[in-house]
Amino acid sequence: MGQGNVSVSRRTVLGAAMAGTAIVGLSGCGGTEWYPADVTPDEHVIRSLLREKELITARYAKAIETGAGPTDLLERLRGHHLEHVDALTAALPEDAVVPEEDPSARPTDPAPDAAPDSEGLRVLETSAAAARIDQAAAVTDPGLAQLISGIGACEAGHAHLLARA
């Protein structure tokens with residue numbers, strides 16, 4: 001089989017796949033309106049991010065409480081995460097169901113037993129920043145993707161500051 005036959009075959013397969021995708025998109029299944037769950041994929045990402053932010057802020061609070069790093073820096077970075085929580089909460093759809101606070105549904109102490117030091121927080125920030133790439137790619141709203149990307153950039157900056165601390 002020559003190289004030319006393989007190329008034509010790939011084009012045929014890709015063309016058929018694209019045509020199938022177009023048909024599905026035109027059939028009404030392309031938007032979030034059809035999504036058969038209580039929350040849209042975008043809202044799912046936001047809620048996941050909010051849970052992550054809750055854990056990160058708890059770790060910062062524990063580090064601040066125990067003096068496990070430069071307090072001024074840790075308080076400032078924790079403040080940034082709280083600002084992210086506010087922005088993400090505002091990005092939830094207006095009709096989003098916000099569950100009532102149920103103490104039994106939350107972890108009793110999301111913070112670790114031992115306070116993370118600056119290096120532990122740096123690793124946490126680096127991991128969080130890396131996760132934002134996939135989360136931004138997973139949403140359909142361009143503004144939400146931009147918000148998530150901005151949060152990731154901020155977390156990368158936190159990692160840099162913590163490495164210098």
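The values are calculated or read from the model by the stated rules, or taken from the named source; none is laboratory data. Values in this document were obtained by computation on a predicted structure and should not be read as measured data. As a convention, Cβ positions derive from the backbone with ideal geometry for all residues, glycine included, and neighbour counts pool all protein chains shown. Side chains included, ligands, DNA and RNA excluded: accessible areas come from the protein's heavy atoms. Shrake-Rupley method; radii C 1.70, N 1.55, O 1.52, S 1.80 Å.
Brief remarks on what is shown
- Heavy-atom accessible area, probed at 1.4 angstrom with all protein chains present, ranks Glu43, Glu65 as Glu65, Glu43, highest first.
- Segment His44-Asp134, length gained on full extension (0.36 nm per residue, minus Cα span): 31.1 nm
- Three semi-axes describe the equivalent ellipsoid of region 126-165; taken as square roots of 5 times the Cα gyration tensor eigenvalues and ordered largest first, they are 22, 9, 4 Å.
- Cα-Cα separations in region 44-83 greater than 14 Å, expressed as whole percent: 46 percent
- Taking the average, over residues, of other Cβ atoms within 10 Å as the packing measure, peptides 88-95, 56-63 rank 56-63, 88-95 from highest down.
- Neighbours of Val123, meaning other residues whose beta-carbon lies under 14 angstrom from its beta-carbon, give a summed charge of -2 when Lys and Arg score +1 and Asp and Glu score -1.
- Cα→Cβ-extended label distance, 7 Å offset, between Ala163 and Glu65, nm: 3.0 nm
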